[in-house]
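Peer 1: My questions will all concern the structure given below.
No value in this document is a laboratory result; all are computed from the given coordinates. Computed from a predicted structure; not experimentally measured. Cβ placement follows ideal geometry from the backbone for every residue including glycine, while neighbour counts extend to all protein chains displayed.
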Amino acid sequence: MAKYRLLRQRIEESDIRPHCHLIVPRAASNEELMLVHTQDYVTRVVSGQLSQLEQRRIGFPWSEAMVERSRRSVGASIDAGLAALQDGIGVNLAGGTHHAFAESGQGYCVFNDVCVAARVLQRETPVHRVLIVDCDVHQGNGTAAICQHDPSLFSFSMHCDKNFPFRKANSDLDIALPEGTSDAKYLDALERGLASVFRLFTPDICFYVSGADPFSDDRLGRLKLTKRGLAQRDSLVIESMNHYRIPVVVTMAGGYAKQIDDIVEIHFTTVSTALRVTKGLPSH
């Protein structure tokens, strides 16, 4: 969890600080969570009734702090979505908890922040059609399952094929990459994937689940992207949305590099790229 604190600190000390408004997000309510998650699951998470097996699947033990952190991660994506509708861009400095299903958590994900935020926006704003572009190295199986029977939500996941989760769900569009994929082949696949998305779906807003874990030195990644390649990935996604005047919400998702400074740098580049593209800031 230290990466989140360090990322905010990096932003505070950077030259992009005057161009962004940092807030502490509110906690999502039970009612908001139940726009996606079952009442039984939300109740058991909040009241500490998860079984030991459920806690092992999530990856950390239940605590009141875990519940509060999970609520606020969802609240941050809701707030970022509202900001994106107003300013063209909104960023959650955490989030991207794409392994959370409607009725269960998994892989360090308790609630699915992006899907909850999408449905809150659909309920409370003119947003109807929501695109989720997931470039975390692991398939967004929870997101895929939640979106599967909802034509107003479109999930596009680009991930390493032979990696967690080993039982994949069906996204609206999946691109599974072989282990060791490097910058050029990755970016070509992403460009083709985005072109396919726009042929199939016309979104009102895009949630971009970025992920620092396609990085070559990531312990859990198995892909071989450089930091430059990851920056190009960010530019490609955000510039594509900007071209069609689609507001973008960015979430950080996973990152497990051996050096925490590498994770923070990759996430920071994602944030600064989002601001540069949407606000016309100079690149460095």
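Peer 1: So if we plug the beta-carbon distance of ALA184 and LYS162 into 1/(1 + (r/R0)^6) with R0 = 22 Å, what FRET efficiency do we get, rounded to 0.05?
Peer 2: Plugging the Cβ-Cβ distance into 1/(1 + (r/R0)^6) gives 0.60.
Peer 1: Once you order the gyration tensor axes a ≥ b ≥ c over the Cα atoms, which shape class does the chain get: rounded for a/c under 1.5, otherwise prolate or oblate by comparing a/b with b/c?
Peer 2: It comes out rounded by the Cα gyration axes.
Peer 1: Moving on to the next point. In nm, to one decimal, how far is the ASP40 label point from the HIS21 one, both placed 7 Å along Cα→Cβ?
Peer 2: 4.2 nm
Peer 1: What fraction of the DSSP beta bridges in the chain is antiparallel, stated in percent and rounded to the nearest 5?
Peer 2: Antiparallel bridges make up about 5 percent of those DSSP assigns within the chain.
Peer 1: Between beta-carbons, use under 9 Å as the cut-off and find the net charge around ASP183, counting Lys and Arg +1, Asp and Glu -1.
Peer 2: +4
Peer 1: With springs only between Cα atoms under 10 Å apart, run a GNM on the chain and tell me which of HIS243, HIS99, HIS138 wobbles the most.
Peer 2: Answer for the Gaussian network model of the chain: HIS243.
Peer 1: Give me the one-decimal nm value for the distance between modelled label points at SER29 and ASP87, 7 Å along each residue's Cα-to-Cβ direction.
Peer 2: 2.5 nm
Peer 1: Right, something else. Over segment 62-210, what is the relative contact order in percent, taking alpha-carbon pairs closer than 8 angstrom and at least six residues apart?
Peer 2: Here the relative contact order equals 21 percent.
Peer 1: Next question, about the same structure. Taking the chain as a Gaussian network, where each spring joins two C-alpha atoms under 10 Å apart, which residue of VAL264, VAL137, VAL91 fluctuates the most?
Peer 2: VAL264
Peer 1: Could you please state, rounded to a whole Å, how far the C-alpha centre of segment 88-131 is from the C-alpha centre of segment 142-196?
Peer 2: Using only Cα atoms, the two centres lie 17 Å from each other.
Peer 1: Just need the relative contact order of the chain here, percent rounded to a whole number, with Cα pairs under 8 Å and 6+ apart.
Peer 2: Relative CO of the chain lands at 19 percent.
Peer 1: Give, in nm to one decimal, the length gained when the segment between GLU103 and TYR4 is fully stretched (0.36 nm per residue of separation minus the Cα-Cα distance).
Peer 2: 33.0 nm
Peer 1: Within 10 Å of each residue's Cβ, count the other Cβ atoms and sort ILE238, ILE260, ILE175 from fewest upward.
Peer 2: ILE260, ILE175, ILE238
Peer 1: What residue among LEU225, LEU190, LEU93 shows peak mean-square fluctuation when the chain is described by a Gaussian network model with Cα springs under 10 Å?
Peer 2: LEU190
Peer 1: If you don't mind, another one. Find me the longest stretch of the chain that has none of the exposed GluC sites (Glu not before Pro), where exposed means in a DSSP loop (not H, G, I, E or B) with at most 16 other Cβ atoms within 10 Å.
Peer 2: The segment 180-284 is the longest one with no such site.
Peer 1: To the nearest 20 Debye, how big is the dipole of segment 72-167 about its Cα centre, given +1 on the beta carbon of each Lys and Arg and -1 on that of each Asp and Glu?
Peer 2: Computed about the Cα centre, the dipole is about 140 debye.
Peer 1: Moving to a separate point now. Percent relative contact order of segment 3-72, based on C-alpha pairs within less than 8 angstrom and at least six residues apart?
Peer 2: Taking the mean separation of contacting Cα pairs over the length of segment 3-72, I get 34 percent.
Peer 1: Quick one: length gained pulling ALA65 to THR202 fully straight, 0.36 nm per residue minus the C-alpha distance?
Peer 2: Length gained between ALA65 and THR202: 45.5 nm.
Peer 1: Dipole magnitude of the chain about its Cα centre, charges +1 at Lys/Arg Cβ and -1 at Asp/Glu Cβ only, in debye to the nearest 20?
Peer 2: Dipole size: approximately 240 debye.
Peer 1: As I understand it, the dipole of the chain uses +1 on the Cβ of Lys and Arg and -1 on the Cβ of Asp and Glu, about the Cα centre. Which of LEU121, VAL36, HIS19 lies farthest toward its positive end?
Peer 2: Value: HIS19.
Peer 1: Right, next: Give me ARG72, ARG8, ARG228 ranked fewest to most by other Cβ atoms within 10 Å of their Cβ, as a rough exposure proxy.
Peer 2: ARG228, ARG8, ARG72
Peer 1: I've got another one for you. If you bin the C-alpha pair distances of segment 133-261 every 5 Å from 0, what whole percents do you get?
Peer 2: Values per bin, smallest distances first: 2, 11, 22, 25, 21, 12, 5, 1, 0.
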